[in-house]
Amino acid sequence: MTLETKEDLETDNVDVVCDLLDKLVLKQLHLMEEKMVCELNIESCINNGSIHLAKSRYIMGQSSVSTARLPMESSPEFSALTTCETTEEDDVQQLKVVENNNKSKVNPIRWFGVLVPQNLHKAQSIFQNTINVVVECVNVQLQLFENMRNIDALKKYVCLAKS
Amino acid sequence: MALHAAVKGKLISVIGDEDTCVGFLLGGIGEINKNRHPNFMVVDKNTAVSELEDCFKRFVKRDDIDIILINQNVAELIRHVIDAHTAPVPAVLEIPSKDHPYDASKDSILRRAKGMFNPDDLVR
């Protein structure tokens, strides 16, 4: 009698876990779709920004907007304007964009000259916005990781219960 | 009081072609730390794969980096190294470039996520 109830309990538990697995798998599909949408947003942002970079290159000259203007290892140290901070939401690690308050920061647009065309300013604001989209995409990715971890754990439980 | 510096946020690093690097650095993610180590790498057609691998591994090891952005066409060159990186942080995000549109079937994370719906896996 006791053995039977124990078995019943276990089958009940497995059913509950299987229901949970179904929900997690559905969530997984939604997160995958969300990630793809984010990536497509990043793509359109990058394409938009690149057009403005190309326009500034046309106005200022080929080498004016190129890697030659970027700081190298020999240039003086400086800090990033935008960084990200870790927060925790529903036990899932999430990131958020924060402005850096460090004194040793420089406006990157100055690397390309003092009087730069309007297009470079536009490109800058587009890429600043892209950083927000990127962090959003990373957050979806982190949720996806957490979801995969949960699915794995539940699958292991079902395997153990069945054996 | 002066010792109590504000908690510094983590960096976003980028490995990509000229336009991607120039764009994101213009957006303000670039930094050169006091050891003169930049958090970006510009990849052109002459860049060796070993160089890419070294740079990626260096960024993964740095504890001040939380996100590594890498162009998908560049990621294809060092796919084995990216597949081997399974930790959630630093997050490796494959981004499209202006010449190479996004291909979801190549993305490491999505492939791993899709692998969970493997028929062999479901039978278990």
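The values are calculated or read from the model by the stated rules, or taken from the named source; none is laboratory data. Being a predicted model, the structure only gives us computed values, none of them experimental. Glycine gets a Cβ as well: all are built from the backbone with ideal geometry, and neighbour counts include every protein chain shown. Keep in mind that these areas ignore ligands, DNA and RNA; they rest on the heavy atoms of the full protein, side chains included. Shrake-Rupley method; radii C 1.70, N 1.55, O 1.52, S 1.80 Å.
Listed values, structure above:
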| item | result |
| --- | --- |
| Test result for B:Phe59, among the hydrophobic types (A, V, I, L, M, F, W, C) and either more than 12 Å from every other protein chain (Cβ to nearest Cβ) or out of contact with any Cys (no Cβ under 9 Å at 6 or more places or on another chain) (or both) | yes |
| Failed criterion for B:Ile70 (all others in (1) in contact (Cβ under 8 Å) with a residue 12 or more places away in the chain; (2) within 16 Å of B:Leu110 (Cα to Cα); (3) surrounded by fewer than 20 Cβ atoms within 10 Å (Cβ to Cβ) hold) | (3) |
| Residues located in segment A:29-53, provided they are open to solvent by 80 Å² or more (accessible area, probe 1.4 Å) and either more than 7 Å from chain B (Cβ to nearest Cβ) or among the charged types (D, E, K, R) (or both) | A:Leu29, A:His30, A:Glu33, A:Glu34, A:Asn48, A:Ile51 |
| Only one of A:Leu120, A:Leu160, A:Leu154 that is more than 7 Å from every other protein chain (Cβ to nearest Cβ) and loosely packed, with under 14 Cβ neighbours inside 10 Å | A:Leu160 |
| Failed condition for A:Ser56, given (1) exposed (fewer than 13 other Cβ atoms within 10 Å of the Cβ); (2) among the hydroxyl-bearing types (Ser, Thr, Tyr); (3) part of a helix (DSSP H, G or I) | (1) |
| Residue selected from segment A:123-146 under the condition more than 8 Å from chain B (Cβ to nearest Cβ) and open to solvent by less than 30 Å² (accessible area, probe 1.4 Å), by the criterion farthest from A:Leu70 (Cα to Cα) | A:Val140 |
